[in-house]
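Structure record follows, encoded as structure tokens.
The values are calculated or read from the model by the stated rules, or taken from the named source; none is laboratory data. All figures in this text were calculated on a predicted structure; none of them were measured in a lab. Using ideal geometry, Cβ is built from the backbone for each residue, glycine included, and neighbour counts are taken over all protein chains shown.
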Amino acid sequence: MSYQPSKIEPKWQKFWAKNNYKNWHTSDKPKKKHIYILDMFPYPSGEGLHVGHVEGYTASDILSRYYRMKGLEVLHPMGWDAFGLPAENYAIQTKRNPKEVVKKNIKRFRKQLQEMGFSYDWQREVDTTDPNYYKWTQWIFLQLYKKGLAYEAEVPVNWCPSCKTVLADEEVVEGKCDRCGKEVTRKNLKQWVLRITAMADRLLEDLDLLDWPARVKTMQKNWIGRSEGYDVEFKIVGQDEYLKTFTTRIDTIFGVTYLILAPEHPLLEKITEDSQRNEVQDYIKQALQKSDFERQSVNKEKTGVFTGAYVINPANRERVPVWVSDYALISYGTGAVMGVPAHDERDLAFAQQFYLPVKEVVAANGTLINSGPFDGMPYKRAQEKIALYVGGTKTVRYKLRDWVFSRQRYWGEPIPIIKCEKCGLVPLKESQLPLKLPEIKKYEPSGKNESPLADIVSWVNVKCPKCKGPAKRETNTMPQWAGSCWYYLRFVDPKNKKKLIDIKKEKSWLPVDIYIGGVEHAVLHLLYARFWHKFLYDIGVVSTIEPFSRLVNQGIILGEDGEKMSKSRGNVISPDSVIKKYGADSLRMYEMFMGPLTFAKPWNTQGVIGIYRFLNRVWSLINEEKDKSKKIKEKDVFKMTPEAKKKLKENIEELEKIRHQTIKKVTEDIESMHFNTAISSLMEYVNSLYQVPKEKINKKHQETLVLLLSPFAPHLAEELWQGALKHRKSVGQEKWPIYKAEIAEEKSFTLVVQVNSKVRDKILVSKGIKESEAKKIAKNSPQVKKYLKKQKIKKVVFVKDRLINFVI
RNA sequence: GCCCAGGUGGCGGAAUCGGUAUACGCAAAGGACUUAAAAUCCUUGGCUUGUAUAAGCUUGUGGGUUCGAGUCCCACCCUGGGCACCA
């Protein structure tokens, strides 16, 4: 019989599913050594699983299967991030109810994951749209509200006209909606906002504790954008007002030649001179009409208008003009900037545009000039002194803004707040959770700055829990990210009715040891989840300060043309079609063999076939009858050096050595996540086994091969283990093979003989050979003799167990 | 513009500490088997010169350190990613 994945794979999937996947179920409170291996759970979109999911999920599955065989208890769960725009937009497109659509999509995703042979603990499955789950998402919101970390505010927000909802800053990419690609506009709306800025310092500092890719840490650092500087006030000439500016370079204050206010600055109106009023008002109007993206696009010409007002520079008492320009942002600092064209690129561009003076105050050597009493002082040291001199206050500012948390959409967690005209905002009682999302007929966004929930009179109108008077429910829903902020906690205790998580269980499993997923979540999910986790730590729900100790980003898989996979390009590879042709094992292994996990790699269908061939070779190595085995002709066998060939023929010990070397290599490579080289070494092992007549291969070799292969190609391994090799247990429950270092070690090595650093000969010698002996052997080589001739040897370099170099 | 990562055969990639560059796989060529094809198995394979022994060159480019550099240092070029008026 030949290797037929379409026959054996469903068979073993059924076998694993027995007793609700009992073999992969983990206890709540692990006793032995344990590890929590987590995938970023998918949005169950209508597209189904794609090859990018398969990549990360295969990597984590290999680790999970490996560590189980090493005797660790492994928590490896899966669930569904099913609220939010992708599912809802798909439902609207196909004119169906989001709930039904999601249910169907989840079913399909689950089936696809099971067809990949992923070893999840399906008893811990969670779904963010299940009321038993989002009850706790709402509960966390209530706690945030009680601690003052959730508040309502009228804020300028990003509005997507196509999705008809508010977006978080993180969801806007290059001025466009991250979901649909439409240009985002700006609106002022009353919104729920989470005070993530309160955690800014901790989110920044604790990055040091994490074993994460440096670039993800850098992205978070930049996103938080901490700057230390000073607030400095400038007195307005002829008025009693002061303009407060924020600067990180107070040492350049003697170089201020103008001041800039953002168009939204509250004092602008008041300070503008009548002669300039029309011009300034026109400018403000224009600026406010522009989208954020337009205003902030780079390399654009600077614009601005003089207000007619002057301020006094507190450092040197000079009068400097006040301008309005949209390169000052109202949302950062004080909305007012001191213009120092000599030492700031943007200020220089502005000054050149409007012929404003440029005054140098820091010399090339870094000491101050034209700075009165501070001349000659190094600029760094001058900062504190100047601050004292001009009355500046030390301030820390962040780029990070509070997180706009409400969405005008149906498909999200309802915010558990009641609005009463008399009592104001009244939170629901915990006993009233979950506040279920009502089933409605019309769930398209209305575009009226409200969620479609606002139209459900029977749901919206309630009695105020406090005064019993008429009141209304909050109709906005939570954003996509809410449910994914804490799902990794629920996996540990998915059925707890009384608590979000039992802290004893949390203590034994958290933090997540290995978290695998795409880099696209570097500042969204990963920052929000850290924020919530720290909050839960503060209120005593969890005992750990960070949720994910180690993060690994898989690289994206490109189409066969080397471009990003997309429907419009027509280069999308569907996992289903690959499974159908070559089986899930080939798909898994190919994706791991393509290259390092973290690299971006182009798909190559021929490569899948290569892996398929390899699995066939494994199959026939173990399955074929001995008499039918390769008609090995001694003369045409070997692809190895003559020495190795001889050894293999004469000495089966060589094969045993390779067996131990392979165990060593595969073990080390799995632990360091070098899956591509682990597979290479399995291939080399199989190639070696093919070099010897079948009857010389003992069962030990076959068993080792199957065990080592089992995390990568679990179906094939199970078939061979329980079939041809006649074992009773699942291969996944066997022990991982061990190697002996002394057997794996090579006894001899190829001594490289160089003359003037050029390789002239290679001689097989035993390991540990001494310099004197090596010298003797090397000098005897006819090749080497040719080069040495009568020349005088100036120097001999000997590297133990490697080479000898004669310098002449 | 700034920051980060990376440039190795026709392709994906391998190569602890500076010590045999190109493992493994794909594609290619030749052979065996077959009526034939597919599949399978075997062999070859960086480039140049050469019948061959062999010699020279080769890890983006140019320098440097070293007995010895894919690996370390300097400069430059290119690709990918991130940030982008954050004062």
Near pairs, Cβ below 6 angstrom, 6+ apart or cross-chain, from segment A:84-110 (in a loop (DSSP other than H, G, I, E, B)) to any residue that is modelled with pLDDT of 80 or more and not small (Gly, Ala, Ser): A:Gly84/A:Gln480
Segment A:203-248 - residue that is surrounded by 19 or more Cβ atoms within 10 Å (Cβ to Cβ) and among the hydroxyl-bearing types (Ser, Thr, Tyr) and, of those, farthest from RNA strand B (Cβ to nearest atom): A:Tyr230
Residues of segment A:683-706 that turn out to be of a type outside the set (Asp, Glu) and either outside any helix (DSSP H, G or I) or near RNA strand B (Cβ under 8 Å from one of its atoms) (or both), as a count: 9
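Yes or no, residue by residue, for (1) of a type in the set (A, V, I, L, M); (2) in contact with a Gly (Cβ under 9 Å, 6 or more places away or on another chain):
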{"residue": "A:Glu506", "(1), (2)": "no, no"}
{"residue": "A:Ile557", "(1), (2)": "yes, yes"}
{"residue": "A:Ser574", "(1), (2)": "no, yes"}
{"residue": "A:Thr605", "(1), (2)": "no, no"}
Which one of A:Ala713, A:Ala744 is closer than 30 Å to A:Pro5 by Cβ, of a type in the set (A, V, I, L, M, F, W, C) and touching a residue at least 40 places away in the same chain (Cβ under 8 Å)? A:Ala713
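Conditions tested, residue by residue: (1) within 39 Å of the chain's Cα centre (by Cα); (2) at pLDDT 95 or above; (3) over 25 Å from A:Tyr379 (Cα atoms).
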position	(1), (2), (3)
A:Lys290	yes, no, yes
A:Val311	no, yes, no
A:Pro314	no, yes, no
A:Ser325	yes, no, yes
A:Leu329	yes, no, yes
A:His343	yes, no, no
A:Ala349	yes, no, no
A:Gln353	no, no, yes
Inter-residue pairs, beta-carbon under 8 Å, first at positive phi and in contact (Cβ under 8 Å) with a residue 24 or more places away in the chain and in segment A:13-28, second surrounded by fewer than 16 Cβ atoms within 10 Å (Cβ to Cβ) and not acidic (Asp, Glu), 6+ apart: A:Asn20/A:Gln123; A:Tyr21/A:Gln123
When restricted to A:Thr667, A:Thr662, A:Thr677, A:Thr641, the only residue at pLDDT below 80 and among the polar types (S, T, N, Q) is A:Thr641
Here is a check on your reading of the model: is A:Glu318 acidic (Asp, Glu) and over 30 Å from A:Ile224 (Cα atoms)? yes
Quick one: in segment A:710-747, of everything that is in a helix (DSSP H, G or I) and of a type in the set (S, T, N, Q), which residue is nearest to RNA strand B (Cβ to nearest atom)? A:Gln722
Scope segment A:748-772; condition assigned to a strand (DSSP E or B) and under 12 Å from A:Tyr787 (Cα atoms); matching residues: A:Val753, A:Gln754, A:Val755, A:Lys758, A:Val759, A:Arg760, A:Asp761
Can you tell me how many residues within segment A:511-525 are modelled with pLDDT under 95 and aliphatic (A, V, I, L, M)? 4
Among A:Ser766, A:Ser781, the single one that is buried (at least 17 other Cβ atoms within 10 Å of the Cβ), among the polar types (S, T, N, Q) and more than 9 Å from RNA strand B (Cβ to nearest atom) is A:Ser781
Just the residues that are among the aliphatic types (A, V, I, L, M), farther than 30 Å from A:Thr197 by Cβ and touching a Pro at 6+ places or on another chain (Cβ under 9 Å), please, taken from segment A:530-581. A:Ile557, A:Leu558, A:Ile579
Return yes when A:Lys270 is free of Cβ contacts under 8 Å to residues at least 12 places away in the same chain and over 22 Å from the mean Cα position of the chain (by Cα) and no when it is not. no
Scan of segment A:767-808 for residues that are of a type in the set (S, T, N, Q) and in contact (Cβ under 8 Å) with a residue 40 or more places away in the chain, ordered by number: A:Asn805
Within segment A:129-181, track down each residue that is touching a residue at least 40 places away in the same chain (Cβ under 8 Å), within 16 Å of RNA strand B (Cβ to nearest atom), over 19 Å from A:His525 (Cβ atoms) and part of a loop (DSSP other than H, G, I, E, B). A:Glu174, A:Gly175
Look at A:Lys221 and say whether it is closer than 30 Å to A:Gly392 by Cβ and either free of Cβ contacts under 8 Å to residues at least 24 places away in the same chain or of a type in the set (A, V, I, L, M) (or both). yes
Name the single residue, out of those in segment A:784-795 being among the aliphatic types (A, V, I, L, M) and more than 11 Å from RNA strand B (Cβ to nearest atom), that is surrounded by the fewest Cβ atoms within 10 Å (Cβ to Cβ). A:Ile793
Would you mind telling me which numbered condition in (1) free of Cβ contacts under 8 Å to residues at least 60 places away in the same chain; (2) touching a helix residue (DSSP H, G or I) at 6+ places or on another chain (Cβ under 8 Å); (3) small (Gly, Ala, Ser) A:Ser446 fails? (1)
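One line per residue, one yes/no per condition, for (1) surrounded by fewer than 23 Cβ atoms within 10 Å (Cβ to Cβ); (2) hydrophobic (A, V, I, L, M, F, W, C); (3) modelled with pLDDT of 95 or more:
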site	(1), (2), (3)
A:Lys534	yes, no, yes
A:Ile539	yes, yes, yes
A:Glu560	yes, no, no
A:Ser566	yes, no, no
A:Val572	yes, yes, no
A:Gln606	yes, no, no
Looking only at segment A:37-60, decide whether some residue is touching a Ser or Thr at 6+ places or on another chain (Cβ under 9 Å), touching a residue at least 60 places away in the same chain (Cβ under 8 Å) and farther than 29 Å from A:Ser549 by Cβ. yes
Condition broken by A:Phe254, with the remaining ones in (1) of a type in the set (A, V, I, L, M, F, W, C); (2) within 12 Å of RNA strand B (Cβ to nearest atom); (3) over 30 Å from A:Thr598 (Cα atoms) satisfied: (2)
For the subset of segment A:572-622 comprising residues that are of a type in the set (Phe, Trp, Tyr), in contact (Cβ under 8 Å) with a residue 60 or more places away in the chain and within 8 Å of RNA strand B (Cβ to nearest atom), which member is farthest from A:Arg215 (Cα to Cα)? A:Phe614
